[in-house]
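Novice: First the structure, which I've put down as structure tokens, then a few questions once you've had a look.
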């Protein structure tokens, strides 16, 4: 593809040779003379001046560099779209593999691709243009919208409901039993039935080996456009809003409520029955056991305001030095303080 055509497709202002032939997309340090790359973070501006790439996707105000530039407001998004021009994932033609097991009571929408050893249970309603790759299992009563894409070994448990354009990566589990047990008279843990399904909105992605538990009663809900990263745990009865990111190894205890446009960075945690408002950001490895108002940025465990946390971390790193200084000050003050006088035999003080 010519660089000029690529710029036109992306809606970018081209500064450079429109006739350059582009063969692919790579990172800024790996890209060669027939490939494009991008800069979305100012920290990488220096690498842009040294890159061997044919062209760099940058913001409109970016400095001039030796390579050609494609200038537009969101270079990272444009980079993602450029990738789609050069990388095409496998295409799965409609059809049902002879080893698939499909209950006679299941409804299969038109254009479905059902791979080897897939199991579709009774009363399942699979929407049109679904792709189920090998060893996917849909338990009884599952309902899905159109264009479900379930990679190998994904599982959707009984009576769960999925919207349109849902993607389940390898090993994703939707609707496994929530972690519910009550201690009986003998002191043994007795399992609490988990009767409520999981409901995923449209355009939800559940990445590899993530687990979204079914509810004890009611439902566990994930809003439209939300993305659930690898190894995330969403506890039973939780509700997550729209366009929220749950990043790797994040854990939501049961009955957590998370708003819209929230970012929970890697290894964050939310205690049960807590509410996290719209637009909140929890930085990596943060944990909260209290409600968080909308718009806050929280850090630390236990979590508190990010700006205060940054100051606290700076002070924490200096504690050994500050302790030594305090010790020196105390010794100096002690040396400057005269000893307390004692009364003589007549009662006067010397």
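Read-outs throughout are calculated quantities, based only on the coordinates presented, and are distinct from any laboratory measurement. Since the model is a prediction, treat every value here as computed from it, not as a measurement. All Cβ positions, even for glycine, are placed from backbone atoms using ideal geometry, and neighbour counts span all protein chains on display.
Novice: Among DSSP beta bridges whose residues both lie in the chain, state the antiparallel percentage, nearest 5.
Specialist: 15
Novice: Show me 243-251, 84-92 ranked by packing, highest mean number of other Cβ atoms within 10 Å first.
Specialist: Peptide ranking by packing, descending: 243-251, 84-92.
Novice: For every helix of n ≥ 4 consecutive DSSP H residues, a contribution of -39,500 (n - 2.57) applies; sum these over the chain, divide by its total residues, and give [θ] at 222 nm rounded to the nearest 500 deg cm²/dmol.
Specialist: -5000 deg cm²/dmol
Novice: Once R0 is set to 56 Å, what does the formula 1/(1 + (r/R0)^6) return for the Cβ-Cβ distance between residue 87 and residue 310, expressed as a FRET efficiency to the nearest 0.05?
Specialist: 0.90
Novice: Give me the percent relative contact order of segment 277-343, please, defined on Cα pairs under 8 angstrom at least 6 residues apart. Could the numbers behind the result be given before it?
Specialist: Details: 59 pairs, mean separation 13.7, N = 67.
It rounds to 20 percent for segment 277-343.
Novice: Shifting gears a bit: Considering only segment 116-205, what is the antiparallel percent among its DSSP beta bridges, to the nearest 5?
Specialist: Rounded to the nearest five, the antiparallel share is 15 percent.
Novice: Only one of the listed values, (1) 45, 25, 16; (2) 51, 38, 14; (3) 33, 30, 18, was derived from the coordinates as semi-axes √(5λ) of the Cα gyration tensor in Å; which label is it?
Specialist: So the calculated entry is the one marked (2).
Novice: Going highest first, how would you order 257-266, 159-168, 311-320 by mean Cβ packing within 10 Å?
Specialist: On the way: 257-266: 20.3, 159-168: 22.0, 311-320: 10.3.
Result, highest mean Cβ count within 10 Å first: 159-168, 257-266, 311-320.
Novice: Then there is this: Using the Kirkwood formula on the Cα atoms of segment 267-333, what hydrodynamic radius do you get, in angstrom to one decimal?
Specialist: Kirkwood hydrodynamic radius for segment 267-333: 13.6 Å.
Novice: Same structure, new question: Please tell me the relative contact order of the chain in percent, rounded to the nearest whole number, where contacts are Cα pairs under 8 Å and at least six residues apart.
Specialist: 6
Novice: Further question: Rounded if a/c is under 1.5, else prolate if a/b beats b/c, else oblate: with a ≥ b ≥ c from the C-alpha gyration tensor eigenvalues square-rooted, which is segment 59-214?
Specialist: The shape class here is oblate.
Novice: While we're looking at this one, here's another question. Roughly how many Å is it from the Cα centre of segment 50-118 to that of segment 196-264, as a whole number?
Specialist: Comparing the Cα centres of segment 50-118 and segment 196-264, I get a distance of 24 Å.
Novice: Distances over 20 Å make up what percent of all Cα-Cα pairs in segment 1-61?
Specialist: Considering segment 1-61, 19 percent of its Cα-Cα pairs are separated by more than 20 Å.
Novice: Something else: Stretched out fully, how many nm does the piece from residue 123 to residue 1 gain, at 0.36 nm a residue minus the Cα gap?
Specialist: Difference between extended and current length: 39.1 nm.
Novice: Right, here's the next one. Projected area of segment 67-148, taken from the Cα convex hull and averaged over every viewing direction, in nm²?
Specialist: Projected over every direction and averaged, the Cα hull of segment 67-148 covers 7.4 nm².
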